[in-house]
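Below: one structure, written as structure tokens.
Read the figures in this text as sums done on the coordinates, not as results from a lab. In this text the structure is predicted, and so the values were computed from the model without any measurement. As a convention, Cβ positions derive from the backbone with ideal geometry for all residues, glycine included, and neighbour counts pool all protein chains shown.
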Amino acid sequence: MSDLKDLVREKLKDGVDAFLCLKDEEGTLLPALITDADSPELELVEAGGARYPMGKILIDLLREYPGKRFAVLVRGCDERALVELSKLEQVDLDRLVMVGLACTAEEARACGCTRPYPSEIALGEKAEAAPGRETIEEVEALSEAERLRWWKEQFSRCIKCYGCRNVCPMCFCKDCALENPHLVEPGVIPPEFPSFHVIRALDMTGRCVDCGLCEEACPADIPLRSLYRKMQEIMEEKLGYRAGESPDEKSPLSFLGSEQDIEKLEREQ
Amino acid sequence: MVDNGKELSYRLVPSTCVYCGTGCGVLLEVMDGRVTGTLPQKDHPVSWGALCVKGWAVHEFVHSERRLTAPLVRSGGELKETDWDTALAAVAEGLSRVAKEHGPDAVGFFASARCTNEENYLLQKLARAVVGTNNVDHCARL
Ligand code: SF4
Ligand code: SF4
Ligand code: SF4
Ligand code: SF4
């Protein structure tokens, strides 16, 4: 098994312009862009540890540097995010080389992950999926009225930090509905129940790649991942679609209409 | 796509959110020489990868047009840009004059949530040990 340092050097020598991975900076693991195969920084690259929204960083990098090619170290969820982002025309996979990292069994358990590995593994050993459905099962055991109360209680802790949206690799809209004063009243904390969270959950349907970064970023420990995962389960059951898999099949919920189409729809209303 | 020839430059700089005394850990995204975004530092012992809405936006003032980038001193009723030595001399002169004419308790010090703990410590030290007053308060009470 080769190590990450060799892989980074190899890709840079093979002609990618930069490699996005994690690096140890005085004891802190953070995303870093390595551009030089002989850089002393290569000694500091790390595979495991902290998780960051690589897809989100790449959207910006690909846009800021058109014509440049990037390699990136991807876990299963990073790969799913990039595949889905390419279907949504936010990243260009032709300018990306993904280097796969399989998560450890411990990481898979901590994430409650349904697919803790990317489609091709360059580093690590494939661990079993460990789908954590405890929260979903706990909620499903309740009556509908109790469920509503349960979620209301959870969301009453929301401090409207927007962290769940900001960290999410799949949230990229320029005009976010959560900042629309007609939909979400400014200055009100916690945000009105359930609109704020239902808007986000609906926008994530067929898009969420179950990386759990939102839940990790939530200062109020709201079980966001379970909510979005339940949405994906329904999506799969009803429409047979799993976000981030099969690069050639677009989400049945995605359509890109031309301005004329949209105007026509508006006229017909 | 056409290469715009720009040299690749992207890095994350660990820093501390300046908006309140909690001191959450942020990573400032620096792309092409400009601060473009904020990510929470995942292993920060204060905030463990979470931030409030202010922390998430902490990069936004850096390149703001409205940001003061040089000290201003009022002279003849008008604020004028100056250098730090002149500004500090004006502060020292003003404070000593008031303390001398009206006593040290005529002077008050306001600490700031946007400074570090250590800087705030130094400010109260200046108030108590140098000027000789206990008039120390904090902007969070305003
Ligand atoms: S969700 Fe967690 S376990 Fe699954 S691929 Fe991502 S990091 Fe690995
Ligand atoms: S798990 Fe959360 S952060 Fe990850 S894609 Fe889904 S909504 Fe976004
Ligand atoms: S991360 Fe948590 S607290 Fe922040 S807006 Fe989302 S749900 Fe609310
Ligand atoms: S992120 Fe929020 S809580 Fe943390 S230091 Fe900044 S202002 Fe304070």
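Calculate I(q)/I(0) for chain B by the Debye formula, one identical point scatterer on each C-alpha and no solvent, and give its log10 at q = 0.17, 0.19, 0.21, 0.22 Å⁻¹ to two decimals.
Reported log10 I(q)/I(0), two decimals: -1.10, -1.19, -1.26, -1.30.
Report the longest stretch of chain B that contains none of the GluC sites (Glu not before Pro) sitting in a DSSP loop with at most 15 other Cβ atoms within 10 Å.
Working: sites that count: B:7, B:60, B:65.
So the longest stretch without any such site is B:66-142.
Which one of A:105, A:33, A:88 has its Cα pushed farthest toward the positive end of the charge dipole of region A:2-111, where Lys and Arg give +1 and Asp and Glu give -1 at the Cβ?
Comparing the listed Cα positions along the dipole, A:88 ranks first.
How fast does region A:134-253 diffuse by Stokes-Einstein, in µm²/s, taking the Kirkwood radius from C-alpha pairs at 25 °C and 0.890 mPa s? Before the final figure, lay out each step's value.
Numbers: Rh = 15.2 Å.
Answer from the Stokes-Einstein relation: 162 µm²/s.
Expressed as a whole percent, how much of the Cα-Cα distance distribution for region B:2-61 exceeds 16 Å?
Numbers: 776 of 1770 pairs.
Result: 44 percent of Cα pairs exceed 16 Å.
Within a 10 angstrom radius of each residue's Cβ in B:42-54, how many Cβ atoms of other chains show up on average? Whole number is fine.
Numbers: counts 11, 6, 1, 0, 0, 1, 3, 10, 10, 7, 6, 7, 1.
Partner-chain Cβ atoms within 10 Å, mean over residues of B:42-54: 5.
Calculated from DSSP H runs of 4 or more alone, at -39500 (n - 2.57) each and per residue, what is the 222 nm mean residue ellipticity of the protein assembly as shown, nearest 500? Don't skip to the end; give the middle numbers.
Working: 14 runs with 136 residues, N = 411.
Taken over the protein assembly as shown, the calculation gives -9500 deg cm²/dmol.
Students often forget the sequence filter, so: which aspartates and glutamates lie under 15 Å Cα-Cα from residue A:13 once same-chain residues fewer than 8 apart are removed?
Hits, sequence-local ones excluded: A:36, A:38.
When chain A is treated as a GNM, springs tying every alpha-carbon pair under 10 Å, which of A:76, A:112, A:163 comes out with the largest mean-square fluctuation?
Maximum among the listed residues: A:163.
Ranked highest first by the average count of other Cβ atoms within 10 Å around their residues, in what order do A:37-47, A:98-108, A:21-31 fall? The partial results should precede the final answer.
Values: A:37-47: 14.5, A:98-108: 19.3, A:21-31: 17.2.
The peptides rank, most packed first, as A:98-108, A:21-31, A:37-47.
Show me, bin by bin at 10 Å from 0, the whole-percent P(r) of chain A based on Cα pairs.
For chain A, the binned pair fractions read 6, 26, 33, 23, 10, 2, 0 percent.
Suppose a student asked you for the relative contact order of chain B, using Cα pairs under 8 Å spaced at least 6 residues apart; what percent would you report? Present the calculation step by step, with values, prior to reporting the outcome.
Values: 198 pairs, mean separation 22.9, N = 142.
Relative contact order comes out at 16 percent.
Starting from the Cα coordinates of region B:72-139, work out the convex hull volume and express it per residue in Å³.
About 112 Å³ per residue, rounded to a whole number.
Could you give the length gained on full extension between residue A:237 and residue A:185, defined as 0.36 nm per residue of separation minus the Cα-Cα distance, in nm? Mind dumping the intermediate values first?
Numbers: separation 52, 0.36 × 52 = 18.72 nm, distance 3.42 nm.
Using 0.36 nm per residue and subtracting the Cα-Cα distance, I get 15.3 nm.
Among A:58, A:142, A:123, whose mean-square fluctuation peaks in a Gaussian network model of chain A (Cα, cutoff 10 Å)?
Fluctuation is largest for A:142.
As a footprinting exposure proxy, order A:235, A:170 by other Cβ within 10 Å, with the fewest listed first. Write out the running numbers ahead of the final one.
Values: A:235 21, A:170 26.
Ordered by Cβ neighbours within 10 Å, fewest first: A:235, A:170.
Using the Cα gyration tensor of region A:2-111, with a ≥ b ≥ c the square roots of its eigenvalues, what is the shape: rounded (a/c below 1.5), prolate (a/b larger than b/c) or oblate (neither)? Display every interim value, and only then the final one.
On the way: a/c = 1.69, a/b = 1.06, b/c = 1.59.
Here region A:2-111 falls in the oblate category.
Starting at the first residue of region A:43-60, write each ³J(HN,Hα) from the Karplus equation 6.51 cos²θ - 1.76 cosθ + 1.60 with θ = phi - 60°, in whole Hz, x for Gly and Pro.
Result, ordered by residue: 5, 9, 5, 9, 8, x, x, 5, 10, 10, x, 4, x, 5, 5, 5, 4, 5 Hz.
Can you put B:44, A:182, B:102 in order of Cβ neighbours within 10 angstrom, beginning with the fewest? Walk me through the numbers before you get to the answer.
Details: B:44 20, A:182 6, B:102 10.
Ranking B:44, A:182, B:102 by Cβ neighbours within 10 Å, fewest first, gives A:182, B:102, B:44.
Pick out which of A:208, A:161, A:218 has the largest mean-square fluctuation in a Gaussian network model of chain A, springs linking Cα atoms closer than 10 Å.
A:161
Sort A:251, A:246 so the one with the fewest other Cβ atoms within 10 Å of its own Cβ comes first.
Going from sparsest to densest Cβ surroundings: A:246, A:251.
Restricting to lysines 8 or more places apart or on different chains, can you count the pairs in region A:49-171 with Cα atoms under 24 Å from each other? Don't skip to the end; give the middle numbers.
Numbers: A:56/A:68; A:56/A:87; A:56/A:160; A:68/A:87; A:152/A:160.
Taking the Cα cut-off of 24 Å, the pair count is 5.
Out of every Cα pair in region A:20-63, what percent are spaced more than 16 Å from each other?
Details: 366 of 946 pairs.
Result for the distance tail: 39 percent.
Shape call for region A:110-157 from the C-alpha gyration tensor, a ≥ b ≥ c root eigenvalues: rounded (a/c under 1.5), prolate (a/b greater than b/c) or oblate?
Prolate, since a/c reaches 1.5 and a/b exceeds b/c.
For region A:100-185, which trypsin sites (Lys or Arg not before Pro) pass both filters: DSSP loop (anything but H, G, I, E, B) and at most 16 other C-beta atoms within 10 Å? Please list the in-between numbers first.
On the way: sites: A:109, A:126, A:133, A:147, A:149, A:152, A:157, A:160, A:165, A:174; in loops: A:126, A:133, A:157, A:160, A:174.
Those satisfying the criteria are A:126, A:133, A:157, A:174.
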